[in-house]
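Encoded as structure tokens, the structure appears first; notes follow it.
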Amino acid sequence: MTEDDRTRCRCAVLNVMSGEVAREYARYHLQVERTDGMGRQVHRCDESGVSWLEERRASGYGEDVTVLRRAPD
Ligand SMILES: [Zn+2]
């Protein structure tokens, strides 16, 4: 994955992503905005203004899987 792929805004076309893709997208493209009432981190894209909720899902292999879900407007 190139640097450009990591940081390119795909917030308008994607609703959910998971695993390595979600971790990298949050790390390189999104800013942590706040933590919601359920203890989930809310990430925000400055470019598009879209907010994303970070969830953890048990993978069954020890480490949890990171899931990013686009927050409803
Ligand atoms: Zn974006």
- [ ] Test Glu3 against the criterion of being more than 14 Å from the ligand (Cβ to nearest atom), modelled with pLDDT under 95, touching a Phe, Trp or Tyr at 6+ places or on another chain (Cβ under 9 Å) and not polar (S, T, N, Q), and give yes or no.
- [x] yes
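Arg27: more than 10 Å from the ligand (Cβ to nearest atom), among the charged types (D, E, K, R), in contact with a strand residue (DSSP E or B) (Cβ under 7 Å, 6 or more places away or on another chain) and on the phi < 0 side of the Ramachandran plot, yes or no? Working first, answer last.
Values: more than 10 Å from the ligand (Cβ to nearest atom): yes; among the charged types (D, E, K, R): yes; in contact with a strand residue (DSSP E or B) (Cβ under 7 Å, 6 or more places away or on another chain): no; on the phi < 0 side of the Ramachandran plot: yes.
Spelling it out, it is not the case that Arg27 is more than 10 Å from the ligand (Cβ to nearest atom), among the charged types (D, E, K, R), in contact with a strand residue (DSSP E or B) (Cβ under 7 Å, 6 or more places away or on another chain) and on the phi < 0 side of the Ramachandran plot.
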TODO: Return yes when Val32 is among the β-branched types (Val, Ile, Thr) and farther than 16 Å from Thr66 by Cβ and no when it is not.
DONE: no
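The values are calculated or read from the model by the stated rules, or taken from the named source; none is laboratory data. Computed from a predicted structure; not experimentally measured. We place every Cβ from the backbone using ideal geometry, glycine too, and count neighbours over all the protein chains shown.
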